[in-house]
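Novice: This is the structure I want to talk about, given as structure tokens.
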Amino acid sequence: MRSLAVASPLPPAAAAARRRPRAFFSFGREVGSQCWKYDLGQDQTLGGSLRIGQSQGSLHRQRLTTLLRSAAAAISVEQDEVNTYLPKGDMWSVHKFGGTCMGTPQRIQSVADIVLGDSSERKLVIVSAMSKVTDMMYNLVHKAQSRDDSYTIALEEIFEKHMAAAKDLLDGEDLARFLSQLHSDVSNLRAMLRAIYIAGHATESFSDFVVGHGELWSAQMLSYAIKKSGAPCSWMDTREVLVVKPSGSNQVDPDYLESEKRLQKWFSRQPADIIVATGFIATTAENIPTTLKRDGSDFSAAIIGSLVRARQVTIWTDVDGVFSADPRKVSEAVILSTLSYQEAWEMSYFGANVLHPCTIIPVMKDNIPIVIRNMFNISAPGTMICRQPANDNGDLDACVKSFATIDNLALVNVEGTGMAGVPGTSSAIFSAVKDVGANVIMISQASSEHSICFAVPEQEVAAVSAALHVRFREALAAGRLSKVEVINGCSILAAVGLRMASTPGVSAILFDALAKANINVRAIAQGCSEYNITVVLKQEDCVRALRAAHSRFFLSKTTLAVGIIGPGLIGGTLLNQLKDQASVLKENMNIDLRVIGITGSSTMLLSDTGIDLTQWKELLRKEGEPADLANFVRHLSDNHVFPNKVLLDCTADTSVASHYYDWLKKGIHVITPNKKANSGPLDRYLKLRTLQRASYTHYFYEATVGAGLPVISTLRGLLETGDKILRIEGIFSGTLSYIFNNFEGTKTFSNVVAEAKEAGYTEPDPRDDLSGTDVARKVIILARESGLRLELSNIPVKSLVPEALASCSSADEFMQKLPSFDEDWAKQRSEAEAAGEVLRYVGVVDAVNKEGQVELRRYKKDHPFAQLSGSDNIIAFTTSRYEEQPLIVRGPGAGAEVTAGGVFCDILRLASYLGAPS
């Protein structure tokens, strides 16, 4: 018979004089009988032998477990102990380093430097396996029990990885000692995995025993690295100390009393100021190796910290601390300086990458703070998790600490009038769910008891639905239950904060933020502790919802993603105004404006997070792509960085205005100086206003009348306070105001028009201004705002373009021929002056007679309309309250600066509607 001696995977003693007896056993194959013999060798603790035939698979597994128990018992063989007292209290600091921190020899050395740099009197260091090693070890077991021969190659890769790391990190006797142990352990594992391969099965305990080697090796390497610097250090196999009991599905509970006793015994044998301990692994009360399950190294650190009553447990990782939201989903997520134990617990439950949920329990009972720090950025202070958060100012931003999400859920709704007042219905529902082993994430029940809904993982919902249909077959048939409904494609968004319970308005602000981001909530749950508010949403809305909520509480009161259509005179001026004012708005008013798209007629520029407005023209020229309005809008709509989106149409294009309704339906706000939508077909205007009133999307167009003057807002203020509009009369065109304000003395009409064109007050073709169409559009807008249902064709317009010149082929031809009509204009001016009057081109809304007109009129020189200068506009509101003396709005009504300023005011008005401070 061929025999292979294999040393058991036991830790080397700290000193040769204290080396404990090591068990070993041999695996031999009797060729004739096709049996395996487990000869337990010379150590009497494991004495005896087992002979297991091929047909005795179950007996094999039973005896293999017995063997494992005996092998593990050898770990705890007692020997003569020095009665050294284990000190407890603030002299201890506990550090835990995860797999990423232990991923390379250089990182292990950095860990050693951090430990040595800690000024604490005593240090206990918990380490995970090197990065990816735990997965590799689990893969070994999987391959072996699947009878996949490649497990031998995988084991060799693990061996090579650790041997190479040790050679880079260690030298001399320490390197030789570690490599000897590594060789011994790997030979042992090779034999164990061969046994698993033959049996085609590995018990959980056997698998845990194999997997735990990653921690054993990393702990040994770190202890040698610390010793190399001259500091005394011992390493601990925590299977000798931590005793746990299985407590249900993939969980264990520590046995603190027994663990404390074993820790005292261990420390009596190997007292040290620096102890490096294995994370993740432990033992049962029967001395069978086990693990603390996935992410259990954090749990190990918390338990050991509790056992020594440590001053602090520091969890070293690769991030600067705990974020207010997943930074992969919310780029503006911030690092939290403090969290309460309850907040950290809630965040862990809802999927935030904070800590293993069980980690908090051991430290919480002893009031030991946990600090999350970044090993790769030691200057960052990290996040402290403790009993009482440091920030006690009680404001809204502090009371909501973080947001977390869980995806891939389904909502199950059990509904029926027969549920109301019937005892045991909820019990029957959740008993059926328990029977299929599904995990209920959230429960919500109406107070009427008419329905109960709950969220479960999507992969479990089919079994849940089937179980409920079976359990309630009779109730469904009889109509006592109307339906068992499954809603797939759901996500949970949770707002977490300890002070939510004592701060009014948190729920209102959260739901307001979601509503304004055009997000529908399917279900709501809030416990009486009020540590969290949980909402169920469509999964497609989840990231947008997360960003909307986070933005409202953390980033700023209002964040707006802005798309600008038409970077011409008005649009370009607006971009420059935004550039100059954006930082001031963010600092003083908590309004964060990000222009993420600019498009002209031929070129557009897109950005996910914001265009640098100091060089937008150059970027548009160099990095612009062919303009496509549909893609431009899609870019804005699909942006998940910012929850609130607004399109600014700075064109005068009818085709662009025709898209407003669709944009508003998508939840995109619209702001524009473009008059074409509101002065176009009446049914389109009414459709827009109806949508605006029925949704949380806003449509602002102050600059369509009077440029930057508050004309629309004044009219709305009058109407909303119950005043009645009788008449609106005004000079609405800055161009025509300039022309008639300067048409005096000896100046000819054609000269004044030429001056206005030269000064940039007119359109490229002055006939567009002189025709009166622009004034008519403003009149129809005000008429509709006043409640009159008029079409543009209902407004009679007296054009100032001589009929003979209307057909001129160009603006130049028109300007050349205009002087021939100067005599007619001079005559009209003379007649007016003779009567003590002036000429003014006005628009009128007659609300009493439900009509409007646009024409040239004469006014006395003491009339307000005669007192204008430059390109000023003036609008007089005659109402029930202002009947004898009209309410007058006057100011500049033309020019890119004031029009862009009017659009900017609408942006700020939108921000205030979305929650910005006024």
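The values are calculated or read from the model by the stated rules, or taken from the named source; none is laboratory data. Bear in mind that the values here come from a model prediction, so they are computed numbers and not experimental data. Glycine gets a Cβ as well: all are built from the backbone with ideal geometry, and neighbour counts include every protein chain shown. We work out accessible area using only protein heavy atoms, side chains counted, and drop any ligands, DNA or RNA first. Shrake-Rupley method; radii C 1.70, N 1.55, O 1.52, S 1.80 Å.
Novice: Filter segment 170-190 for residues that are open to solvent by 40 Å² or more (accessible area, probe 1.4 Å) and either in contact with a Ser or Thr (Cβ under 7 Å, 6 or more places away or on another chain) or part of a helix (DSSP H, G or I) (or both) and give the result.
Specialist: Initially, segment 170-190 is screened for residues open to solvent by 40 Å² or more (accessible area, probe 1.4 Å), giving 171-173, 176-177, 180, 183, 187, 190.
Correct list: G172, E173, A176, R177, S180, H183, S187, R190.
Novice: When N408 is evaluated against the numbered criteria (1) surrounded by 15 or more Cβ atoms within 10 Å (Cβ to Cβ); (2) touching a helix residue (DSSP H, G or I) at 6+ places or on another chain (Cβ under 6 Å); (3) outside any helix (DSSP H, G or I), which criterion, by number, is the only one it fails?
Specialist: Of the numbered conditions (1) surrounded by 15 or more Cβ atoms within 10 Å (Cβ to Cβ); (2) touching a helix residue (DSSP H, G or I) at 6+ places or on another chain (Cβ under 6 Å); (3) outside any helix (DSSP H, G or I), the odd one out for N408 is (1).
Novice: Please pick out the residue among S733, S810, S737 that is surrounded by fewer than 18 Cβ atoms within 10 Å (Cβ to Cβ) and either β-branched (V, I, T) or modelled with pLDDT under 95 (or both). Working first, answer last.
Specialist: Numbers: S733 fails: surrounded by fewer than 18 Cβ atoms within 10 Å (Cβ to Cβ); S737 fails: surrounded by fewer than 18 Cβ atoms within 10 Å (Cβ to Cβ).
From the options S733, S810, S737, the qualifying one is S810.
Novice: Name the residues in segment 637-685 that are free of Cβ contacts under 8 Å to residues at least 12 places away in the same chain and over 20 Å from A513 (Cβ atoms), would you? Walk me through how you get there before you give the answer.
Specialist: Residues of segment 637-685 free of Cβ contacts under 8 Å to residues at least 12 places away in the same chain: 638, 655, 662, 683.
Selection gives S655, D662, D683.
Novice: Further question: Filter the strands (runs of 3 or more DSSP E) completely within segment 191-272 down to those with at least 3 residues that are within 30 Å of R177 (Cβ to Cβ). Break it down stepwise before answering.
Specialist: Working: elements: 234-236, 243-246, 252-254.
Ranges flagged: 234-236.
Novice: Hey, can you tell me all the residues within segment 71-106 that are hydroxyl-bearing (S, T, Y) and at pLDDT 50 or above? Outline the logic, then answer.
Specialist: In the first step, residues of segment 71-106 are kept if they are hydroxyl-bearing (S, T, Y); the result is 76, 84-85, 93, 100, 104.
Hits for segment 71-106 are T84, Y85, S93, T100, T104.
Novice: For S799, are the conditions met, namely being outside any helix (DSSP H, G or I) and out of contact with any Gly (no Cβ under 6 Å at 6 or more places or on another chain)?
Specialist: Details: outside any helix (DSSP H, G or I): yes; out of contact with any Gly (no Cβ under 6 Å at 6 or more places or on another chain): no.
No.
Novice: Next question, about the same structure. Among I158, I196, which is the only one that is under 25 Å from V111 (Cα atoms), open to solvent by less than 10 Å² (accessible area, probe 1.4 Å) and touching a residue at least 24 places away in the same chain (Cβ under 8 Å)?
Specialist: Numbers: I196 fails: under 25 Å from V111 (Cα atoms).
Answer to the check: I158.
Here is a yes/no grid of residues against (1) farther than 30 Å from R473 by Cα; (2) open to solvent by 40 Å² or more (accessible area, probe 1.4 Å); (3) among the basic types (K, R); (4) at pLDDT 85 or above:
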{"residue": "D366", "(1), (2), (3), (4)": "yes, yes, no, yes"}
{"residue": "P369", "(1), (2), (3), (4)": "yes, no, no, yes"}
{"residue": "F403", "(1), (2), (3), (4)": "yes, no, no, yes"}
{"residue": "P423", "(1), (2), (3), (4)": "no, yes, no, no"}
{"residue": "G437", "(1), (2), (3), (4)": "no, yes, no, yes"}
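Novice: Let me ask something else about it. Among the candidates R522, R544, which residue alone is touching a strand residue (DSSP E or B) at 6+ places or on another chain (Cβ under 8 Å), of a type in the set (K, R) and either under 30 Å from T503 (Cβ atoms) or open to solvent by 40 Å² or more (accessible area, probe 1.4 Å) (or both)?
Specialist: Numbers: R544 fails: touching a strand residue (DSSP E or B) at 6+ places or on another chain (Cβ under 8 Å).
One residue alone meets the criteria, R522.
Novice: Is it true that some residue in segment 663-673 is assigned to a loop (DSSP other than H, G, I, E, B), over 25 Å from R909 (Cα atoms) and open to solvent by less than 20 Å² (accessible area, probe 1.4 Å)? I'd like the intermediate steps shown before the answer.
Specialist: Step one: list which residues in segment 663-673 are assigned to a loop (DSSP other than H, G, I, E, B), which gives 666-668, 672-673.
Now restrict to residues that are over 25 Å from R909 (Cα atoms): none.
No, because not a single residue in segment 663-673 is assigned to a loop (DSSP other than H, G, I, E, B), over 25 Å from R909 (Cα atoms) and open to solvent by less than 20 Å² (accessible area, probe 1.4 Å).
Novice: Just to verify a result, which residue in segment 575-609, among those that are of a type in the set (S, T, N, Q) and assigned to a helix (DSSP H, G or I), is surrounded by the fewest Cβ atoms within 10 Å (Cβ to Cβ)? Quick ask: steps written out before the conclusion?
Specialist: Residues of segment 575-609 that are of a type in the set (S, T, N, Q), as a first pass: 576-577, 581, 583, 588, 590, 599, 601-603, 607, 609.
Right, trim to assigned to a helix (DSSP H, G or I) and you get 576-577, 581, 583, 588.
Details: N576: 17, Q577: 17, Q581: 15, S583: 11, N588: 9.
Filtering segment 575-609 for residues that are of a type in the set (S, T, N, Q) and assigned to a helix (DSSP H, G or I), the one surrounded by the fewest Cβ atoms within 10 Å (Cβ to Cβ) comes out as N588.
Novice: Another one. Going by the conditions given, is K167 surrounded by fewer than 19 Cβ atoms within 10 Å (Cβ to Cβ), under 38 Å from the mean Cα position of the chain (by Cα) and of a type outside the set (A, V, I, L, M)?
Specialist: Numbers: surrounded by fewer than 19 Cβ atoms within 10 Å (Cβ to Cβ): yes; under 38 Å from the mean Cα position of the chain (by Cα): no; of a type outside the set (A, V, I, L, M): yes.
No: the conditions fail for K167.
Novice: At least 3 residues that are under 48 Å from the mean Cα position of the chain (by Cα) and in contact (Cβ under 8 Å) with a residue 60 or more places away in the chain in each: list the helices (runs of 4 or more DSSP H) lying fully within segment 806-918 that qualify.
Specialist: Working: elements: 811-817, 822-834, 896-913.
By residue number, 896-913.
Novice: Here is a list of conditions, (1) in contact with a Leu (Cβ under 7 Å, 6 or more places away or on another chain); (2) surrounded by fewer than 22 Cβ atoms within 10 Å (Cβ to Cβ); (3) not aromatic (F, W, Y), and V276 meets all of them except one; can you say which number that is?
Specialist: Going through (1) in contact with a Leu (Cβ under 7 Å, 6 or more places away or on another chain); (2) surrounded by fewer than 22 Cβ atoms within 10 Å (Cβ to Cβ); (3) not aromatic (F, W, Y) one by one, V276 breaks only (2).
Novice: Among (1) without any contact (Cβ under 8 Å) to a residue 12 or more places away in the chain; (2) open to solvent by less than 40 Å² (accessible area, probe 1.4 Å), there is one condition L560 misses while meeting the rest; what is its number?
Specialist: (1)
Novice: Going through L510, L514, L537 one at a time, which residue ends up being at pLDDT 85 or above, among the hydrophobic types (A, V, I, L, M, F, W, C), assigned to a strand (DSSP E or B) and touching a helix residue (DSSP H, G or I) at 6+ places or on another chain (Cβ under 7 Å)?
Specialist: On the way: L510 fails: assigned to a strand (DSSP E or B); L514 fails: assigned to a strand (DSSP E or B).
Only one candidate qualifies: L537.
Novice: So, in segment 760-783, of the ones that are assigned to a helix (DSSP H, G or I) and either free of Cβ contacts under 8 Å to residues at least 12 places away in the same chain or of a type in the set (S, T, N, Q) (or both), which residue ends up nearest to E851 (Cα to Cα)?
Specialist: Going residue by residue through segment 760-783, those that are assigned to a helix (DSSP H, G or I) are 767-770, 773-783.
Narrowing further to those that are either free of Cβ contacts under 8 Å to residues at least 12 places away in the same chain or of a type in the set (S, T, N, Q) (or both): 768, 773.
Details: D768: 23, T773: 16 Å.
By that ranking, first place goes to T773.
Novice: Same structure, new question: Quick check on this structure: which one of K757, K747 is of a type outside the set (S, T, N, Q), in a helix (DSSP H, G or I), open to solvent by 30 Å² or more (accessible area, probe 1.4 Å) and free of Cβ contacts under 8 Å to residues at least 60 places away in the same chain?
Specialist: Numbers: K747 fails: in a helix (DSSP H, G or I).
None of the other options fit; the residue is K757.
Novice: In segment 613-661, what residues are under 28 Å from the mean Cα position of the chain (by Cα) and in a loop (DSSP other than H, G, I, E, B)?
Specialist: Correct list: D638, N639, H640, V641, F642, P643.
Novice: Continuing with the same structure: Do you know which of the residues in segment 461-507 that are modelled with pLDDT of 90 or more, open to solvent by less than 50 Å² (accessible area, probe 1.4 Å) and of a type outside the set (A, V, I, L, M, F, W, C) is farthest from L336 (Cα to Cα)?
Specialist: Residue satisfying both the conditions and the ranking: S465.
Novice: Could you run through segment 199-222 and say how many residues are open to solvent by 20 Å² or more (accessible area, probe 1.4 Å) and of a type in the set (V, I, T)?
Specialist: Final tally of qualifying residues: 1.
Novice: Restricting to segment 621-639, count the residues that are crowded, with 19+ Cβ neighbours inside 10 Å and of a type outside the set (F, W, Y). Spell out how you get there, then give the answer.
Specialist: Of the residues in segment 621-639, the ones crowded, with 19+ Cβ neighbours inside 10 Å are 632-633, 635-636, 639.
When the remaining residues are screened for being of a type outside the set (F, W, Y), the result is 633, 635-636, 639.
So the answer is 4.
Novice: Taking segment 311-363 as the region of interest, how many residues are of a type in the set (S, T, Y) and at positive phi? Write out each step before concluding.
Specialist: Start the filter on segment 311-363 by keeping residues that are of a type in the set (S, T, Y), which leaves 314, 317, 324, 331, 337-338, 340-341, 348-349, 359.
With the extra rule that they be at positive phi, the set shrinks to none.
Residues that pass the stated criteria total 0.
Novice: How many of the residues making up segment 701-713 are open to solvent by 30 Å² or more (accessible area, probe 1.4 Å) and not in a loop (DSSP other than H, G, I, E, B)?
Specialist: Taking segment 701-713 and keeping what is open to solvent by 30 Å² or more (accessible area, probe 1.4 Å), we get 708, 710, 713.
Remaining after also requiring not in a loop (DSSP other than H, G, I, E, B): 713.
Going through segment 701-713 one residue at a time, the tally reaches 1.
Novice: How many of the residues making up segment 279-302 are buried (at least 24 other Cβ atoms within 10 Å of the Cβ), among the hydrophobic types (A, V, I, L, M, F, W, C) and closer than 14 Å to D253 by Cβ?
Specialist: Qualifying residue count for the region: 4.
Novice: Counting just the residues of segment 716-730 that are in a strand (DSSP E or B) and charged (D, E, K, R), which one comes out most open to solvent (accessible area, probe 1.4 Å)?
Specialist: Here is the first cut: in segment 716-730, the residues in a strand (DSSP E or B) are 725-730.
When the remaining residues are screened for being charged (D, E, K, R), the result is 727, 729.
Working: R727: 68, E729: 29 Å².
My answer is R727.
Novice: Still on this model: Only one residue in S830, S786, S799 is open to solvent by 60 Å² or more (accessible area, probe 1.4 Å) and at pLDDT 90 or above. Which one?
Specialist: Numbers: S786 fails: open to solvent by 60 Å² or more (accessible area, probe 1.4 Å); S799 fails: open to solvent by 60 Å² or more (accessible area, probe 1.4 Å).
The match here is S830.
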